[in-house]
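Here the structure comes first, spelled out in structure tokens, and everything after it is commentary.
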Amino acid sequence: MPITPTEKIWIDGELVAWEEANVHVLTHSLHYGSGVFEGIRAYPTPGGVAVFRLAEHVERLLASAKVLLIDVPFSAGQLVAAVKEVVRENGLSEGCYIRPIIFLGYGEMGLNPLPCPVSVAIAAWPWGSYLGEEGVANGIRLKVSSWQRHDPNAMPTAAKITGMYVNSSLAKVEALKAGYDEAVMLSPDGRVSECTGENLFVVKGGRLVTPPASSAGALAGITQSSVESIAGDLGIEVLHEDLLRTDLYLADEAFLTGTAAEVVPICQVDDRLVGSGKPGPLTAQIQQIYFAAVRGQVDRYKDWLDHVE
Ligand code: PPE
């Protein structure tokens with residue numbers, strides 16, 4: 001997805017011009033994938049632009065840093081304020097995608113990251129639907145990847161580590177080259193884990209099922225937890241249970257969730273139609289409430305929004 005440049009990027013406490021937000025080629029994280037990052041969205045609401053579940057994203061960012069023993073020189077409160085500053089100063093009143101990254105900079109080379117300088121950058125730009133408008137409306141086609149999700153003892157899947165996404169990219173490219181929209185990855189023990197950058201739900205017998213993040217080696221998604229709240233408030237039971245690939249083939253409905261992707265129906269998995277092959281009624285209902293909630297149109301979920309002004 002192309003990036004539309006905005007004016008300023010926040011780096012280590014200062015706003016710098018977009019085109020000057022550069023790093024040295026010997027940046028540690030470029031060589032070893034040792035950064036941690038987040039994907040956050042802001043949306044236009046009746047009360048002005050607001051960031052969706054900002055505190056939770058900052059908390060997860062700092063948790064990812066903790067896993068890598070990165071000592072972050074900013075507090076959660078400072079990072080929350082910095083994200084809002086980036087949205088405000090770039091005049092992104094129609095909403096945007098926000099990408100904070102904590103990375104190890106130039107200064108040391110070698111596999112011991114501990115002596116490296118730590119940098120924090122936050123960029124934001126307007127970004128449309130990650131899997132396309134067509135996918136959001138009519139559903140996408142998934143392929144079960146030949147690439148497995150990481151074993152959590154090979155790569156800490158609870159943390160959003162830049163280097164981990166080589167695994168996701170391999171799966172994504174394989175799926176795209178085979179003519180699918182997205183890949184679904186299995187854990188080393190053959191259970192459904194997640195998609196390359198999204199969590200996954202199936203609907204079966206009126207209940208929602210999503211793989212348990214820890215045993216499936218998936219990221220605990222903030223969109224996933226929002227969808228669980230929405231479903232709970234609709235009186236729909238949500239289970240965290242292991243899923244096999246055949247559970248995807250035989251689901252009544254399925255959809256994926258992520259900040260960038262939002263809520264996207266799945267219409268086929270490995271060329272099997274999911275249900276009727278069209279977005280199902282529960283998926284459509286949850287999608288509609290999610291899109292309204294992020295735009296501040298549902299009173300019950302107003303606490304999820306952090307206003308920028
Ligand atoms: N799993 C993975 C592997 C993942 O990267 C994401 C977010 C999720 C699940 C969903 O998490 P959440 O956003 O909290 O609901 N992926 C981010 C980066 C995507 C990218 O392609 O880059 C995102 O959606 O911003």
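Summary table
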| item | result |
| --- | --- |
| Residue check for Asp306: open to solvent by 20 Å² or more (accessible area, probe 1.4 Å) and in contact with a strand residue (DSSP E or B) (Cβ under 9 Å, 6 or more places away or on another chain) | yes |
| Flag if Ile230 is outside the structural domain of Glu38 (by TED's automatic domain parsing), more than 20 Å from Arg60 (Cα to Cα) and under 19 Å from the mean Cα position of the chain (by Cα) | yes |
| Residue match in region 137-157 (condition: among the hydrophobic types (A, V, I, L, M, F, W, C), free of Cβ contacts under 8 Å to residues at least 24 places away in the same chain and within 12 Å of the ligand (Cβ to nearest atom)) | yes |
| Selection from region 229-266 of residues that are hydroxyl-bearing (Ser, Thr, Tyr), over 16 Å from Pro211 (Cβ atoms) and crowded, with 19+ Cβ neighbours inside 10 Å | Thr259 |
| Pairs, first closer than 12 Å to Ile102 by Cβ in region 58-79, second among the aromatic types (Phe, Trp, Tyr) and within 16 Å of the ligand (Cβ to nearest atom), C-beta under 8 Å, six or more apart | Leu61/Phe37; Ser64/Phe37 |
| Number of positions in region 203-224 that are surrounded by fewer than 17 Cβ atoms within 10 Å (Cβ to Cβ), within 16 Å of the ligand (Cβ to nearest atom) and modelled with pLDDT of 95 or more | 1 |
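The values are calculated or read from the model by the stated rules, or taken from the named source; none is laboratory data. Treat the numbers as computed from the prediction; the structure is a model and nothing was measured. For neighbour counting, all protein chains shown are included, and Cβ atoms are generated from backbone atoms with ideal geometry for every residue, glycine included. All accessible areas refer to the heavy atoms of the entire protein, side chains included, with ligands and DNA or RNA removed. Shrake-Rupley method; radii C 1.70, N 1.55, O 1.52, S 1.80 Å.
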